Amino acid sequence: LLPQGIRRITLVTDAWHMERARFAFAREGIEVYCAPTNFPDAVNIHSMALWMPRGQAFVENQFGLSELVGQ
C-alpha cells in the first residue's frame, strides 16, 4: 500500500481479529481507522445459564487463543 501512496486505511474485519490486524498494518507505518464487525453476543452475567457447560464455549476459546498466539 505504501508504494501506491496509501498511508491511511479503514480496517473492516471481525472484532476477534481487529487488534492483530490493526497491529500488522500499523507496524508497516499505515495509519489505521478501526471498523470492527461481528461482535460476540453480550453476556447476561446474572443468568444461571452462564454457569452451565456448553459446547460453543470451546469454539469461543479457540478463537480467543488463536488471536492471542497470532499476536
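Observations, loosely collected:
- 1.4 Å probe accessible area per residue over the chain, in Å²: 83 Å²
- Placing pseudo-labels 7 Å out from each Cα toward the beta carbon at Glu60 and Arg7 gives an inter-label distance of 4.2 nm.
- Note on Phe39 and Leu68: with the Förster distance fixed at 25 Å, the Cβ-Cβ geometry gives a FRET efficiency of about 0.90.
- Near the amide H of Thr13, within less than 5 Å, lie the amide hydrogens of Ala35, Thr37, all on another chain or at least 5 residues away, with H placed in the peptide plane.
- About the Cα centre, charge dipole magnitude for the chain (Lys/Arg +1, Asp/Glu -1 at Cβ), debye: 180 debye
- Residue-averaged 222 nm ellipticity for the chain, from DSSP H runs of 4+ at -39500 (n - 2.57), nearest 500: -11000 deg cm²/dmol
- Relative contact order [Cα under 8 Å, 6+ residues apart], the chain, whole percent: 34 percent
- Carbon + sulfur, % of accessible area of the chain - ligands and nucleic acids excluded, 1.4 Å: 60 percent
- Residue among Ala15, Val59, Ala49 farthest towards the positive dipole end of the chain, charges placed on Cβ: Ala15
- Along the range 19-26 the Karplus relation, 6.51 cos²θ - 1.76 cosθ + 1.60 evaluated at θ = phi - 60°, assigns HN-Hα couplings of 4, 5, 5, 4, 4, 4, 6, 4 Hz to successive residues, with x for each Gly and Pro.
- Each principal axis of the Cα cloud of the chain was evaluated for its coordinate range; sorted largest first, these ranges are 53, 22, 14 Å.
The values are calculated or read from the model by the stated rules, or taken from the named source; none is laboratory data. Keep in mind it's a predicted model, so treat the numbers as computed, not measured. Backbone-built Cβ (ideal geometry, glycine too); neighbour counts: all protein chains shown. Just so you know, the surface numbers come from the protein's heavy atoms only, side chains and all, with ligands and any DNA or RNA stripped out. Shrake-Rupley method; radii C 1.70, N 1.55, O 1.52, S 1.80 Å.
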